[in-house]
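Shown next, in structure tokens, is the structure this report addresses.
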Amino acid sequence: LVLSAYRGRQGDLAGALEAADAALEVEADSLPARLRRAELLLDIGYREKDKQKIATGRSIVEAVLSKDPAAPEALFVRAKVELADGSPENAVTDLRRAIDLKPDWAEAHYLLGSALFLQRDLNGARAEITRALEIDSQLVEARKVLARIHAMSGENELAAEQGRRVLERRPGDVQTRLLVAQALVRQRRMDAALAELQAIADEDQTGETWYAQGRVWRFNGDEAKAREFFVRADAAMPNNPEILEALLQLDRKEGRIPESLERIDKAAAAKPDDAGLVHLQGMAQVLTGRGSEAEASFRRAIELDPNNLRSYQSLAQYLAYTGRREEVLATYQKAAEIRPDSAGLQLVLGSLYEAYGDLDQARERYEKAIQIDASLGAAKNNLAYILAESGEDLDRALDLAQEAKASMPDNGHAADTLGWVLYKKGISTAAIGYLKEAEGLFPPDDINLAVVRYHLALAYEAAGQQQQARSALDRAFADLERIRESFRAASGREPEDPAWMAEMQALYARLPEGS
């Protein structure tokens, strides 16, 4: 059994099962050996999709629990089954019972932390994983989960630190190296991030790692290198909307939009029910003057994924741009009356009202959307932002923003909203972490970066970090100038300044020279 545990920790599940079988040959009725065999059969069965192994493992566990319903080892193994079956709430119950009986069981604390992580209870998950590592600092898998918790919480320095500790033991762990690189990108430490990605062996490079390298090169301003890696990523992971969007942004700058449109149309034809691809198709159609097709694409993307914040924003912006406010509002209001149980329609209406500046109506529609579907992260995010802007009910705004961030962990808007709410509540240090994360989640030419960096500058100022505040403002002013240049080139007119431009200039004026 000791040999089985050792082999299991080395990732040799077949060898671990062989050792467990050998233990049963020595003592056929050994409960620890029977449960160890069941655990390994389940681990291997789920990994290899072997229904026979899964069934055998389950039967061993149920037989043990039928005789002793409180057997902690059996509860632990059953919790693994429940996690694999997508029932983390049942796993949490079994693991808490097991830990009550064996409080210093590191693996049980780790598995409980993993179950809580799947339920988006990051604080509970962090506490359990930390306890597991206090008991046994060699639990590499637990440290990997802790790194992910830090990353999802916007604690990028801690995420990188924990990830690197994993890599000391497992230098070939590609997913952990990617996590470390992403944490470094969010800290704007591009050279360090690139070094991590380049440390991955050639034979282990994937579309995901090439895409990550392309993003770093793009942030560094080397668009030729970025294109090279995005093309590699596209070949390895065809029809991926994130990769295709990265290529679209480069093609737009270089006047090669038809090439992107051809790639995107081909991908959307291959995967017609992929909301991300349909939304991207709409973006490309806008750029090529195919407005009616773009509108249809945005609406289709919303139908496919009602929780996709970008699709609502794109549709609202397009309709506002075409000056069809009354017509569009009337259409969606009528649809909402016909389908009063549709959270998606309420979210569309809220997005439209927000785009048109009617925040009271937007707030009402977002509230209705959440009442209909409490899992709609996009509605929670938008409502939290409106509440933060108005300074009203910041406690509820924080709850909504945290729930939105948990449901959309890699969404830059969600990270920005949570950071902005924390700033408004006077919790500037925590706000900085999320706002820095938001800055890293948007591509370098995204129009949202200017306001994110303005928010970040305010949070730095409130935290007494004046040099960082001025640096963030410099980046925000550069973003605005880039947006102005694009607008002038496209329209021949001078753009209007954003509503918060005067506040940003006032902030810059009150920061000491040389800070």
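Which residue, of Ala294, Ala268, is under 15 Å from Leu244 (Cβ atoms), at pLDDT 90 or above, open to solvent by less than 60 Å² (accessible area, probe 1.4 Å) and aliphatic (A, V, I, L, M)?
It is Ala268.
Specify which of the listed residues (Asp360, Asp373) is at pLDDT 85 or above and exposed (fewer than 13 other Cβ atoms within 10 Å of the Cβ).
On the way: Asp373 fails: exposed (fewer than 13 other Cβ atoms within 10 Å of the Cβ).
Step by step, each of Asp360, Asp373 is checked, and only Asp360 is at pLDDT 85 or above and exposed (fewer than 13 other Cβ atoms within 10 Å of the Cβ).
Of the residues in region 106-130, how many are among the hydrophobic types (A, V, I, L, M, F, W, C), in contact with a Pro (Cβ under 6 Å, 6 or more places away or on another chain) and open to solvent by 30 Å² or more (accessible area, probe 1.4 Å)?
Total satisfying the criteria: 1.
From the list Arg37, Arg58, Arg47, Arg9, exactly one residue is surrounded by 20 or more Cβ atoms within 10 Å (Cβ to Cβ) and on the phi < 0 side of the Ramachandran plot. Which is it?
Going through Arg37, Arg58, Arg47, Arg9 in turn, the sole match is Arg37.
Given the residues Ala246, Ala320, which is the only one that is farther than 24 Å from Glu208 by Cα and either part of a helix (DSSP H, G or I) or among the charged types (D, E, K, R) (or both)? Before you say what the answer is, go through the steps one by one.
Values: Ala246 fails: farther than 24 Å from Glu208 by Cα.
Being farther than 24 Å from Glu208 by Cα and either part of a helix (DSSP H, G or I) or among the charged types (D, E, K, R) (or both) holds for just one of Ala246, Ala320, which is Ala320.
Which ones in region 420-440 are modelled with pLDDT of 95 or more and either open to solvent by less than 10 Å² (accessible area, probe 1.4 Å) or touching a Ser or Thr at 6+ places or on another chain (Cβ under 8 Å) (or both)?
Val421, Leu422
Out of all the residues in region 89-105, which are in contact (Cβ under 8 Å) with a residue 12 or more places away in the chain and surrounded by fewer than 19 Cβ atoms within 10 Å (Cβ to Cβ)?
Glu89, Arg96, Arg97, Leu101, Lys102, Asp104
Name the helices (runs of 4 or more DSSP H) wholly within region 434-515 that hold at least 2 residues that are of a type in the set (Val, Ile, Thr)?
449-462
Given the conditions (1) within 19 Å of Pro443 (Cα to Cα); (2) touching a residue at least 24 places away in the same chain (Cβ under 8 Å); (3) aliphatic (A, V, I, L, M), and given that Val231 satisfies all but one, which numbered condition is not satisfied?
Result: Val231 passes all but (2).
Hey, Glu295 hits all of (1) in contact with a Phe, Trp or Tyr (Cβ under 7 Å, 6 or more places away or on another chain); (2) charged (D, E, K, R); (3) not in a helix (DSSP H, G or I) but one; which does it fall short on?
With (1) in contact with a Phe, Trp or Tyr (Cβ under 7 Å, 6 or more places away or on another chain); (2) charged (D, E, K, R); (3) not in a helix (DSSP H, G or I) applied to Glu295, the lone miss is (3).
The values are calculated or read from the model by the stated rules, or taken from the named source; none is laboratory data. Because the structure is a prediction, the values reported are computed rather than measured. Backbone-built Cβ (ideal geometry, glycine too); neighbour counts: all protein chains shown. Keep in mind that these areas ignore ligands, DNA and RNA; they rest on the heavy atoms of the full protein, side chains included. Shrake-Rupley method; radii C 1.70, N 1.55, O 1.52, S 1.80 Å.
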